[in-house]
Amino acid sequence: MTTEEPLPKTVRFIYTKSDDHKVIYANGIHGGITLQGEVAFDLFLEQRLATKAEVHSIKEDGTLGPKTKTEPEIEPPEQGQAIVIREKRVGVILSRDAAKNIAEWILKKVEQIDNVKQKTAVEEQDAEE
């Protein structure tokens with residue numbers, strides 16, 4: 001006869017941060033489905049084109065002189081065209097179930113934000129009356 005341990009009644013999750021943990025700001029997402037059926041995406045930061053480098057002259061006394069040249073990161077835009085850089089900050093691969101659970105969690109948080117905003121708007125309206 002084997003003695004089996006009883007199944008635990010609860011599970012305690014302890015959250016830690018890895019040494020390379022960081023918080024990033026992202027305002028966009030780009031990705032799709034992998035051949036293995038996983039969801040893969042990159043979070044990116046969208047921003048206008050900025051210069052990559054500036055060239056300054058050096059004065060005779062060794063101090064920094066005025067800017068003499070600006071080097072764009074890519075070719076300048078054509079007439080009437082805007083250039084937006086999408087810097088991919090982090091890549092994520094999720095199983096279908098994990099993607100669904102995360103999507104549901106995010107939607108709940110958005111709903112909570114909307115409820116707070118709606119409550120605040122009603123309170124502000126009541127205060128004005």
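Between residue 15 and residue 45, the simple spin-label model (points 7 angstrom out along Cα→Cβ) gives 2.3 nm. Helix 96-128 and the longest principal axis of the Cα set of the chain meet at an angle near 80°. Multiplying the residue separation of residue 122 and residue 83 by 0.36 nm and subtracting their alpha-carbon distance yields 10.0 nm. Only helices enter this figure: runs of n ≥ 4 DSSP H residues, each worth -39500 (n - 2.57), summed and divided by the residues of the chain, yield -9500 deg cm²/dmol at 222 nm to the nearest 500.
Counting only aspartates and glutamates at least 8 places from residue 69 when in the same chain, those with an alpha carbon closer than 14 Å to its own are 54. Model label points for residue 64 and residue 27, set 7 angstrom from Cα along the Cα-to-Cβ axis, are 2.6 nm apart. Legend: residue pairs 22/100; 17/108; 17/117; 88/109, Cα-Cα distance threshold 29 Å; pairs beyond threshold, 17/117. Beyond 17 Å, the tail of the calculated P(r) for the chain holds 81 percent of the Cα pairs.
Each value in this text was obtained by applying a stated rule to the coordinates, not by laboratory testing. Since the model is a prediction, treat every value here as computed from it, not as a measurement. Methodologically, a virtual Cβ is constructed for each residue, glycine included, from the backbone with ideal geometry; neighbour enumeration extends over all protein chains shown.
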